[in-house]
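Undergrad: Quick one: the structure is below, questions incoming.
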Amino acid sequence: MKVSVVIPVYNERSTIEQIVTAVRAADVGEVEIIVVDDASTDGTQQVLKEKISSLAHQIIYQPHNQGKGAALRVGFAAATGDVVLVQDADLEYNPADYPTLIEPILSGKADAVFGSRFMGDRPHRVLYFWHMVGNRFLTLLSNMFTNLNLTDLETCYKAFRADVIKNLDLRENRFGFEPEVTAKLAKARCRIYEVGISYNGRTYSEGKKVNWKDGFHAIYAIVRYNLFP
C-alpha cells in the first residue's frame, strides 16, 4: 500500500530539507512525497530546486500565494497513493509517528485518522497556554456541530483513505481547511479515529505562522460548513 505525503510549504527554507529527509525515512513502506510550494519568497524555492528535487516525487509551484488549504487541494489531486497524509513543512510533527497514524486505515477500521496532541503519552514541547485554550474551544465548538468527540481539531496530522479525501468538495484556502474537512468527513459519515502523537511546537520567532485572525476564521468555517454545506 502506497502512502502519499502532501507537504504544503511557505517560507520554510531552514526546515524543508530536514523534514523531507525524515519523511523518506518513515517506516511505512512505499512513500510518495508531494511538495507544494505556496509562492515562497525566502529562498525556499531555490532549496527545493537544488536539494529536494532528487528527494521528492513531485514538487508543485503555486503561481501566487493562496494558503495552506489551496496547496493541500493541489497536493491531494496529484497524489497517487492509497493513503494520503498531511505533513507541515516545519519540524513540529515527527514522521516517526506515521505507522501509528495510518494503522487504523491500514487495518480497515478508519476512513480518516487525526493525530491528537492532547492524548497519549508522547512527548510534547511546553508552549502557549492561550493557543491550547483556543484550540480546545474550537474543537469543542466543532464537536457540538458534528457530534464527534475529537480532542484536537487543529492538528496538522490528518491521514485519509485516498478515495475519501479526493471525493470531498474542499474550498478553504487557508487554515480553515481543518474545520472544513472535519465537517465534511462527519457529514459523509466517515469513520474517524484519533491517535496520540508527539509535538515539538515552535515559537513565532522560530517561524510559527497561525495567528488570532485564523482562530476567528476557524469559527466562521465551523459554522459555515456545518450549517450551510
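Residues checked against (1) modelled with pLDDT under 95; (2) among the charged types (D, E, K, R); (3) out of contact with any Leu (no Cβ under 9 Å at 6 or more places or on another chain):
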position	(1), (2), (3)
86	no, no, no
101	no, no, no
106	no, no, yes
131	yes, no, yes
154	yes, yes, no
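Undergrad: Which of the residues spanning segment 41-89 are β-branched (Val, Ile, Thr) and outside any loop (DSSP other than H, G, I, E, B)?
TA: Answer for segment 41-89, where residues must be β-branched (Val, Ile, Thr) and outside any loop (DSSP other than H, G, I, E, B): 44, 47, 52, 59, 60, 74, 83, 84, 86.
Undergrad: Determine, yes or no, whether residue 6 is buried (at least 21 other Cβ atoms within 10 Å of the Cβ), assigned to a strand (DSSP E or B) and touching a residue at least 24 places away in the same chain (Cβ under 8 Å).
TA: Judged against the criteria, residue 6 is a match.
Undergrad: Now, a different point. Let me spell it out: the conditions are (1) under 18 Å from the mean Cα position of the chain (by Cα); (2) more than 22 Å from residue 73 (Cα to Cα), and residue 54 meets all of them except one. Which number is the exception?
TA: Result: residue 54 passes all but (1).
Undergrad: If you check residue 133 against the conditions, is it part of a helix (DSSP H, G or I) and touching an Asp or Glu at 6+ places or on another chain (Cβ under 8 Å)?
TA: no
Undergrad: Select from segment 156-180 the residues that are surrounded by 23 or more Cβ atoms within 10 Å (Cβ to Cβ), within 21 Å of residue 141 (Cβ to Cβ) and either among the hydrophobic types (A, V, I, L, M, F, W, C) or modelled with pLDDT under 95 (or both) and list them in ascending order.
TA: 176, 177
Undergrad: Can you spot a residue in segment 179-196 that is under 13 Å from the mean Cα position of the chain (by Cα) and of a type in the set (Phe, Trp, Tyr)?
TA: Within segment 179-196 (the criterion being under 13 Å from the mean Cα position of the chain (by Cα) and of a type in the set (Phe, Trp, Tyr)), the answer is no, since none of the residues qualifies.
So that you can scan it fast, the table gives a plain yes or no per residue for (1) touching a strand residue (DSSP E or B) at 6+ places or on another chain (Cβ under 7 Å); (2) hydrophobic (A, V, I, L, M, F, W, C); (3) within 26 Å of residue 111 (Cβ to Cβ); (4) at pLDDT below 95:
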{"site": "17", "(1), (2), (3), (4)": "no, no, no, no"}
{"site": "40", "(1), (2), (3), (4)": "yes, no, no, no"}
{"site": "47", "(1), (2), (3), (4)": "no, yes, no, no"}
{"site": "56", "(1), (2), (3), (4)": "yes, yes, no, no"}
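Undergrad: Out of 162, 89, 77, 96, I need the residue that is farther than 27 Å from residue 13 by Cα, in contact (Cβ under 8 Å) with a residue 12 or more places away in the chain and among the aliphatic types (A, V, I, L, M). Which one?
TA: Unique residue meeting the criteria: 162.
Undergrad: Tell me, yes or no, whether segment 68-90 has at least one residue that is more than 29 Å from residue 169 (Cβ to Cβ) and among the hydrophobic types (A, V, I, L, M, F, W, C).
TA: So far as segment 68-90 goes, no, none of its residues is more than 29 Å from residue 169 (Cβ to Cβ) and among the hydrophobic types (A, V, I, L, M, F, W, C).
Undergrad: So in segment 9-48, with the set limited to residues that are among the small types (Gly, Ala, Ser) and on the phi > 0 side of the Ramachandran plot, which one is surrounded by the most Cβ atoms within 10 Å (Cβ to Cβ)?
TA: The selected residue is 39.
The values are calculated or read from the model by the stated rules, or taken from the named source; none is laboratory data. Just so it is clear, the structure is predicted and the values come from calculations on it, not from any experiment. Note that each Cβ is placed from the backbone with ideal geometry, even for glycine, and that neighbours are counted across all protein chains shown.
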